[in-house]
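Step one of this worksheet: look at the structure below.
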Amino acid sequence: MSVEPAALPEFCRNFQEYQRLLQQQCQTLEVPEPNDVAQEASFQLAQKIAQQVYFKGKIPYSEFMHHALYSPGLGYYSSGSYKLGAGGDFVTAPEISPMFGKTLAKVIMQAWQDTDACILELGAGSGKLMCDILLQLESEKNLPHTYYVLEVSAELRQRQKHLLNDICPHLKSKVVWLDTLPASFKGVIIGNEVVDAIPVELLMKTEEGVAQGFVACHDQGFTLVFEPTPFSQGWQKRHEDYVQHWPEGYLAESSDLRSDWLRSVLGSLEQGCILLLDYGFEAEELYSPYRPQGTLQCYYRQKKHSMPLALLGLQDVTSSVNFTQLAQTAIDTGAEILGFTPQAQFLTLSGIEQFVAQGQDSDTMSNLSVAQQLQTLLMPNEMGQNIKVLGLSKQFSGTLTGFQSLGLHQA
Ligand SMILES: C[S@@+](CC[C@H](N)C(=O)[O-])C[C@H]1O[C@@H](n2cnc3c(N)ncnc32)[C@H](O)[C@@H]1O
């Protein structure tokens, strides 16, 4: 069912009007304006979302975020907007340094002592991590039986195939792209910065209690409104200890979709382990009264900001992971916690320093020196402390040296 264009608000009836809106957003954010093709795609996405809002009156923020990131052909990850490296929107660890993937290859080899020699990578981005891991495993004469990739974005899947073809065409036969999670997988599952890209709900503490963020339309653009919502008893129980300490106006995020996603990943793992690396905290720290603005972040051309409705389909939107919630989900499904530790400790204990001497990799998009790469991956004020590694397992008795202590307070 579609809506007559005349019924839509002014900003998505008229392309010039929408261009003016984008222009204003770029001025406010002090970023360069997107090109005409990108503006047109953003306009189409705005029309698509405005139709949903027209039918429903308002949509939960998570639905808006889902469209903004994954709407086929138009969302940030599905349209070619996703740009990495020096000229891109943000950088992830594999784009910073091949030392990251090489170290993970070593970790995977440790895990293979007690599971099948298979890998499943979730959300492979540009494909750089896949190539680094495969090349390291090849140099160790320990290639996997199969390297599976599950990627929701058709555009990124193509990019991953191209990169594999450019960097290691002789290893193409090792990689299989999946459309859905396998029914039964044995081996190692990895996901780097995937969970923080799964949509969240926005929350605000008001006089009446916790309100949920919805997206509505007015003539000048999308707008965020907070309304009281009957949260499930389970949700209330999980959050009551934190909510009572939040001052009025406190902003936060929560995501049942992330638990649902993890439950299906765990359902697919018959035996082996899962490594999730992401920006995030344990619940107590995430929902501390000292973090009143929440963790929702948007990235556009290396500019970090907090305007989640702006630059629709053209900017990345992420929010920190609640690792307590993920750990509890794993425990509830009968999985075990292998460990939880900051990235710096995990990479250091897994032997990242052995790769330092190998020098600069010409494929690294960041153009940083080896010392700078190491600093970004390990320093506490960069990825070292802000990114955590959560290890989960099923019927797995191996040990990973990266997890020396299990520091997670189980919920
Ligand atoms: C921030 S990027 C990280 C990419 C890559 N792992 C890296 O570290 O550079 C998030 C990735 O997760 C993918 N993604 C998001 N949700 C997913 C899901 N439910 N299943 C598989 N991939 C997903 C996105 O399309 C994208 O490739």
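The values are calculated or read from the model by the stated rules, or taken from the named source; none is laboratory data. For clarity, every value in this text was computed on a predicted model and none was experimentally measured. Cβ atoms come from the backbone with ideal geometry, glycine included; neighbour counts cover every protein chain shown. Keep in mind that these areas ignore ligands, DNA and RNA; they rest on the heavy atoms of the full protein, side chains included. Shrake-Rupley method; radii C 1.70, N 1.55, O 1.52, S 1.80 Å.
Only one of these conditions is not met by LYS161: (1) open to solvent by 20 Å² or more (accessible area, probe 1.4 Å); (2) at pLDDT below 95; (3) not acidic (Asp, Glu). Which number is it?
Just one mismatch for LYS161, condition (2).
For segment 21-62, give me each residue that is outside any helix (DSSP H, G or I) and open to solvent by 30 Å² or more (accessible area, probe 1.4 Å).
Selection gives GLU30, PRO32, GLU33, ASN35, GLY57, LYS58, PRO60.
Could you check segment 206-249 and list, in sequence order, the residues that are under 25 Å from LEU311 (Cα atoms), touching a helix residue (DSSP H, G or I) at 6+ places or on another chain (Cβ under 9 Å) and aromatic (Phe, Trp, Tyr)?
Across segment 206-249, the qualifying residues are PHE214, PHE222.
Can you tell me how many residues within segment 87-145 are of a type in the set (A, V, I, L, M, F, W, C) and in a helix (DSSP H, G or I)?
The total comes to 17.
Identify all residues within segment 198-242 that are among the aliphatic types (A, V, I, L, M) and touching a strand residue (DSSP E or B) at 6+ places or on another chain (Cβ under 6 Å); write none if there are none.
From segment 198-242, those among the aliphatic types (A, V, I, L, M) are 198, 200, 202-204, 210-211, 215-216, 224-225; that's our starting set.
Answer for segment 198-242, where residues must be among the aliphatic types (A, V, I, L, M) and touching a strand residue (DSSP E or B) at 6+ places or on another chain (Cβ under 6 Å): VAL200, LEU202, LEU203, MET204, VAL210, ALA211, VAL215, ALA216, LEU224, VAL225.
Restricting attention to segment 120-140, does a residue exist that is polar (S, T, N, Q), under 19 Å from ALA344 (Cα atoms) and in contact with a strand residue (DSSP E or B) (Cβ under 8 Å, 6 or more places away or on another chain)?
No, segment 120-140 contains no residue that is polar (S, T, N, Q), under 19 Å from ALA344 (Cα atoms) and in contact with a strand residue (DSSP E or B) (Cβ under 8 Å, 6 or more places away or on another chain).
Being of a type in the set (A, V, I, L, M) and in contact with a Phe, Trp or Tyr (Cβ under 9 Å, 6 or more places away or on another chain) is the filter here, so list the residues in segment 24-63 that pass it. Lay out the reasoning, then the answer.
Kept after step one, since they are of a type in the set (A, V, I, L, M), are these residues of segment 24-63: 29, 31, 37-38, 41, 45-46, 49-50, 53, 59.
Hits for segment 24-63 are LEU29, VAL31, ALA46, ILE49, ALA50, VAL53, ILE59.
Quick check on this structure: which one of ASP196, ASP166 is in a helix (DSSP H, G or I), out of contact with any Lys or Arg (no Cβ under 8 Å at 6 or more places or on another chain), more than 16 Å from the ligand (Cβ to nearest atom) and of a type in the set (Asp, Glu)?
ASP166
List pairs: first in segment 144-161 and within 12 Å of PRO72 (Cβ to Cβ), second away from the ligand (no atom under 11 Å from the Cβ) and open to solvent by 60 Å² or more (accessible area, probe 1.4 Å), Cβ under 8 Å, 6+ apart or cross-chain?
Listed by first residue and then by second, the contacts come to ALA154/PRO72.
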